[in-house]
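Q: Structure provided below as structure tokens; questions to follow.
The values are calculated or read from the model by the stated rules, or taken from the named source; none is laboratory data. The model shown is predicted, which means the values in this text are computed figures rather than measured ones. Cβ placement follows ideal geometry from the backbone for every residue including glycine, while neighbour counts extend to all protein chains displayed. Each accessible area value is taken on the protein alone, full model and side chains, heavy atoms only, with ligands, DNA and RNA left out. Shrake-Rupley method; radii C 1.70, N 1.55, O 1.52, S 1.80 Å.
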Amino acid sequence: LAPVGCDSQRQPVTDSSLPVVVSSIFPVGDLVSSLVDAQVRVEVVLPPGVSPATFDLTPRQLQTMERASLFVMVGGGLDEWIADLPAVTGGRVPVLRITEGLDLLASEEPRDPAHAEHGHDHGSGNPHIWLDPILVRDHVVPALATALGMAIPERAGEVEQRSKALADSLTNLDLERTWSRGES
């Protein structure tokens, strides 16, 4: 997602006094990063290119989760391997599942044993919703903006401004995609 990836050039923030938002996977962390400024630290649990089947949490990640303001995951069966992570906080950290409330499209991936090594079960549909700019604009961005505003109220104004800018970028991306396909 081009507009989302543009903001990922931010330098990592390591100030331990900043609010922390933890995401399960990179695409979700990248979306969160596009909605917050440098006064919020975004941590991704599963590094890009690493299989959840062979991944182990580090003590540092557990400590980070204990001080997180929000945990964001995809849901829809994609990242259930990490759904219990907020339990380390005694349930104090709010959890946002960005697929919650969505009717996921049928997955085009075959359901065979070879798919199991991909590391997740798609449940009732395809949870890779970050690939659809309109779904991200109409469902994911508002859900993230609301959750971030509640979790870090002092950053709510900035999040709202950034969510509007991201929505505009996603609309333009969809128009470009539609135009390039010759659709009207």
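Q: Just add up the charged neighbours of Arg92: K/R +1, D/E -1, any other residue whose Cβ is under 15 Å from the Cβ of Arg92.
A: -1
Q: What figure in square angstrom, to the nearest 10, would you give for the accessible area of Arg177 with a 1.4 Å probe?
A: Counting only protein heavy atoms, Arg177 exposes about 80 Å² to solvent.
Q: Which length gain, in nm to one decimal place, applies between Glu154 and Ser180 when the Cα-Cα distance is subtracted from 0.36 nm times their residue separation?
A: Here the segment from Glu154 to Ser180 would lengthen by 5.3 nm.
Q: Quote the FRET efficiency, to the nearest 0.05, computed for Arg60 versus Asp84 with a Förster distance R0 of 22 Å and r equal to the Cβ-Cβ distance.
A: 0.75
Q: Another question about this same structure. Given all pairs of different Cα atoms, what value in angstroms does the Kirkwood hydrodynamic radius of the stretch 27-66 take?
A: Taking every pair of different Cα atoms in the stretch 27-66, averaging 1/r and inverting gives 11.5 Å.
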